[in-house]
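Note sheet for the following structure.
The values are calculated or read from the model by the stated rules, or taken from the named source; none is laboratory data. Because the structure is predicted, anything quoted here is derived from the model rather than measured. Quick reminder, even Gly has a Cβ in these numbers, built from the backbone with ideal geometry, and neighbours come from all protein chains shown. Protein only, heavy atoms only, side chains kept; ligands, DNA and RNA dropped before computing areas. Shrake-Rupley method; radii C 1.70, N 1.55, O 1.52, S 1.80 Å.
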Amino acid sequence: MPSTVSSLWYVDAPDPVAVLREHPGPDPDAAFALAKQLNPDRDVVPAASGTMKVWAGPDPESVYIGCYPGVTVMCSNQAALPRPTKLPELLVRPLASEHTYLVSYDLSLGWGAFAEWERGEFRRSFSATRVNILEDEGMPRVWERDYWAGEHPIGLAPGELPDPQLLPFDPPEFAEAANREWLGFRYRERGSEDVLTAGLIEVCGFSLFPKGEAPRLEPEVAAPVEHDGRRGLLRWLRGRDRVS
């Protein structure tokens, strides 16, 4: 399960999890076109692809996109915002989608965030660490009720004293709940074999370079990369294997 997630989802399909199950492979051409559209000031170069179990929280020089019928996901550090309402307008609705969802968390920081737009209109956002709410805008959704009621308390280590300002829930788990509500799967939950997990959702990888600074690819290097996220073009570009 990924320790960091920074994802944006553009959804038209009424049952996005069904789409992700039925279409195991994304459209690489559509992903490449979207990567270039959303990064007009960068050179975009195809890189190693893989699954969201590995690439859900990429570094600033990479972006991972999965384009499926009626469902598109973009994993980018641009979604890791303390205040989700500050998401750039370009990223809110690039595909004229019915719904836009932001889901981000960092387990090491105890931070989680989520946000929702409908036809580009803001509806709801939340962002917090365990003791500090960074943003809480819009009308809370019905599914949030159990969390605010304290039915999902933060698990403390033996002997750990609770901070007086401790929230009644773990923010990364709260973000996970939003993801499950909107998209039908969870990053961190282990389920039965028929449950969709992040390790089953494939995304296409792209490296981002300053304009005019992308390396020139030799023909043999530019061959299609493997989809296991372990070898291929990214090794050549960065001189190391990101997934060991």
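Among Gly159, Gly70, Gly138, determine the one that fluctuates most according to a GNM of the chain built with springs between C-alpha atoms less than 10 Å apart. With Cα springs under 10 Å in the chain, the top fluctuation among Gly159, Gly70, Gly138 is at Gly159. Can you give the helix-only mean residue ellipticity at 222 nm for the chain, where every DSSP H stretch with n ≥ 4 adds -39500 (n - 2.57) and the sum goes over all residues, rounded to the nearest 500 deg cm²/dmol? Mean residue ellipticity, 222 nm, calculated: -5000 deg cm²/dmol.
Using 0.36 nm times the number of residues separating His23 and Asp43, minus their current alpha carbon distance, what extension gain do you get?
4.3 nm
In the assembled protein chains, His152 presents an accessible area of approximately 50 Å² (probe radius 1.4 Å). Each Lys or Arg adds one and each Asp or Glu subtracts one; over the other residues with Cβ under 14 Å from the Cβ of Pro140, this totals -3.
Report the Stokes-Einstein translational diffusion coefficient (µm² s⁻¹, integer) for segment 74-205, Rh taken as the Kirkwood radius over Cα pairs, at 20 °C with viscosity 1.002 mPa s.
Rounded, D is 136 µm²/s.
If you take all other residues with their beta carbon under 15 Å from the beta carbon of Arg93, and give Lys and Arg +1 and Asp and Glu -1, the sum is -4.
Pick from Pro16, Pro153, Pro28: which is most flexible by mean-square fluctuation in a GNM of the chain where alpha carbon atoms under 10 Å apart are linked? Result for the chain, Cα springs under 10 Å: Pro153 fluctuates most. The Cβ shell under 14 Å around Ser108 holds other residues with a net charge of 0, Lys and Arg each +1, Asp and Glu each -1.
Stokes-Einstein diffusion for the chain at 25 °C, viscosity 0.890 mPa s, with a Kirkwood radius from C-alpha pairs, works out to 131 µm²/s. Going by accessible surface with a 1.4 Å probe and the largest first, Trp9, Trp143, Trp148 read Trp148, Trp143, Trp9. Here segment 1-131 is treated as a sphere whose radius is the Kirkwood value from Cα pairs; by Stokes-Einstein at 25 °C and 0.890 mPa s it diffuses with a coefficient of 163 µm²/s.
Measure out, as a whole number of angstrom, how far apart the alpha-carbon centroids of segment 122-179 and segment 6-82 sit. Segment 122-179 and segment 6-82 have Cα centres separated by 26 Å. Springs join every pair of Cα atoms under 10 Å in this Gaussian network model of the chain, and among Leu183, Leu90, Leu167 the largest mean-square fluctuation is at Leu90. Loop-located GluC sites (Glu not before Pro) in segment 129-202 (DSSP state not H, G, I, E or B) with no more than 12 neighbouring Cβ atoms inside 10 Å: Glu151, Glu160, Glu193. Phi-derived couplings, Karplus 6.51 cos²θ - 1.76 cosθ + 1.60 at θ = phi - 60°, listed residue by residue for segment 147-164: 6, 5, 7, x, 7, 9, x, 5, x, 8, 5, x, x, 6, 8, x, 5, x Hz, with x used for Gly and Pro. In nm, give the distance between the simple-model label positions of Asp163 and Ala214, each being 7 Å from the Cα along the Cα-to-Cβ direction. In this crude label model, Asp163 to Ala214 measures out at 4.2 nm.
The charge dipole of the chain, taken about its Cα centre with unit charges on the Cβ of Lys, Arg, Asp and Glu (plus for the first two, minus for the last two), comes to roughly 520 debye.
If R0 is taken as 35 Å, the Cβ-Cβ distance between Asp15 and Ser108 corresponds to a FRET efficiency of 0.55.
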